[in-house]
Amino acid sequence: MSSLNNIREVVYKNLETRFKTAGISSHSEVGDSYDLVEAGIIDSLGFVNLMLALELHLGISIDFLTLPTDQVSKFGALCLFLQKQSNVVAGAD
């Protein structure tokens, strides 16, 4: 099981170069409503790559059917979704 703060850090680390280009040097500087797409941090292909990297890093299989498409580009909502996915896997053990 991963804490929300850990998930936020992992997502940030996977996009660190892009965040730093945008002047953001820590995951704690990224607000929950920060839109990764609108800010140019990620695009659709980048999102797929991010999800694959996170599945490997977190050891989870992301259930895309439960992915909140209206909120997925928001940093906080994405991290919360990933934490819930992580908890589902932990609960299955």
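The values are calculated or read from the model by the stated rules, or taken from the named source; none is laboratory data. Everything numeric in this text was worked out from a predicted model, so none of it was measured. Using ideal geometry, Cβ is built from the backbone for each residue, glycine included, and neighbour counts are taken over all protein chains shown. The accessibility values were calculated without ligands, DNA or RNA, using every heavy atom of the protein model including side chains. Shrake-Rupley method; radii C 1.70, N 1.55, O 1.52, S 1.80 Å.
Cross-link partners of Lys13 among aspartates and glutamates, defined as those whose alpha carbon lies under 18 angstrom from its own and excluding same-chain residues fewer than eight positions apart: Glu29, Asp32, Asp35, Asp43, Glu55.
Ligands, DNA and RNA left out, the 1.4 Å accessible surface of the chain is 54% carbon and sulfur atoms. Averaged over its residues, the chain has an accessible area of 58 Å² per residue, based on protein heavy atoms and a 1.4 Å probe.
Could you tell me the calculated FRET efficiency between Leu65 and Ser26, based on Cβ-Cβ distance and R0 = 25 angstrom, to the nearest 0.05?
Numbers: r = 33 Å, r/R0 = 1.30.
E between Leu65 and Ser26, to the nearest 0.05, is 0.15.
Extension gain, Asp35 to Val72: 0.36 nm times the residue separation minus the Cα-Cα distance gives 12.4 nm. Normalised Debye scattering of the chain at q = 0.10, 0.20, 0.21 Å⁻¹ gives log10 I(q)/I(0) of -0.23, -0.94, -1.05, counting only Cα atoms as equal scatterers and leaving out solvent.
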